Amino acid sequence: MAVLIDGKQISKDIKEEVKDRVAKLKEDGQKVCLAVVLVGDDSASAVYVRNKKKACEYTGIESLSYELPGDTTEEELLKLIASLNQNDEVNGILVQLPLPKHIDENKVIEAIDPKKDVDGFHPVSVGNLSIGRPGFVSCTPAGIVELLKRSNVEMDGKQVVIIGRSNIVGKPMGILMLRENATVTICHSHTKNLKELCKQADILIVAIGKSKFVDAEYVKPGAVVIDVGMDRDENGKLCGDVDFASVEPIASKITPVPGGVGPMTIAMLMHNCVEALSLQK
């Protein structure tokens with residue numbers, strides 16, 4: 001039986017640490033402010049934005065909310081970002097993805113000042129990460145590293161297999177694991193012998209967006225399994241990319257869905273907002 005890695009509790013610990021830092025900054029006459037931009041009425045995006053606002057409220061970070069209609073033009077959105085870049089009161093800018101199809105996401109991400117890029121998606125942030133310079137790290141991969149560290153999972157010298165090569169999780173995750181001196185394999189839809197590669201992993205990180213894709217046949221007994229997925233099963237119940245019932249008996253540690261990786265993303269966003277202040281100073 002695997003030990004459950006409690007993302008809810010660990011994210012709460014991080015938010016408490018952020019809250020303390022924000023309170024100390026306020027004593028010194030400094031405040032932290034995050035601007036959140038939502039375009040359109042995607043229901044999942046609206047939930048994420050609401051949760052981010054709640055986390056800001058809890059940690060003492062000020063939040064500015066810009067909820068724009070779905071027919072907002074690219075030009076209007078870029079104009080808003082330009083004004084937030086110029087606003088010294090704003091430390092972090094977050095544009096909730098996905099954007100409506102008529103807006104170029106890359107153009108929008110690149111328009112954000114890298115010093116305010118708390119999502120860690122800007123090419124400058126990605127470049128800094130890849131060459132080991134200080135800067136913002138994408139919140140989900142950063143959260144996974146914290147989950148592992150705070151659950152006493154050794155990464156140094158371990159075999160880490162990541163399924164998924166997205167810019168938001170897979171690629172930055174690989175770089176962060178190299179930073180921790182792990183040996184990293186990134187698998188994807190063209191990978192041959194996927195099961196055999198996964199079975200070599202001391203730490204298996206699954207981020208492919210396919211409900212219950214990874215079962216016990218992919219997992220080495222005693223491996224640590226991190227499930228980044230957020231899917232719905234055939235009954236409409238929330239589940240991950242890992243078949244929890246099948247994998248949990250043979251893993252040493254595993255993240256549940258929900259309550260594993262999910263809460264960490266917002267906790268690390270709060271952490272990045274405070275880091276933004278020192279980066280800008």
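Some points to look at:
- Within the range 243-262, the residues that satisfy the criterion of being at pLDDT 95 or above and assigned to a helix (DSSP H, G or I) are PHE244, ALA245, SER246, VAL247.
- Test for GLU57: is it closer than 17 Å to ILE168 by Cα and either touching a Gly at 6+ places or on another chain (Cβ under 6 Å) or among the charged types (D, E, K, R) (or both): no
- Residue check for LYS212: closer than 17 Å to MET155 by Cβ and either crowded, with 17+ Cβ neighbours inside 10 Å or within 19 Å of the chain's Cα centre (by Cα) (or both): no
- Residue check, VAL145 part of a helix (DSSP H, G or I) and assigned by TED's automatic domain parsing to the domain that holds ILE208: yes
- Verdict on ILE205 being touching a residue at least 24 places away in the same chain (Cβ under 8 Å), farther than 30 Å from LYS26 by Cβ and in contact with a strand residue (DSSP E or B) (Cβ under 6 Å, 6 or more places away or on another chain): yes
- The set of residues in the range 173-202 being surrounded by 17 or more Cβ atoms within 10 Å (Cβ to Cβ) and either among the small types (Gly, Ala, Ser) or in contact (Cβ under 8 Å) with a residue 40 or more places away in the chain (or both) consists of GLY174, ILE175, LEU176, ALA182, ALA201, ASP202.
- Qualifying residue in the range 89-102 (condition: among the basic types (Lys, Arg), within 17 Å of the chain's Cα centre (by Cα) and not assigned by TED's automatic domain parsing to the domain that holds ARG232): no
- Of the residues screened, ASP20 is not one that is modelled with pLDDT under 95 and among the charged types (D, E, K, R).
The values are calculated or read from the model by the stated rules, or taken from the named source; none is laboratory data. Owing to the predicted nature of the structure, the values given are computational and were not obtained by experimental measurement. Cβ: placed from backbone, ideal geometry, glycine included. Neighbour counts: every protein chain shown.
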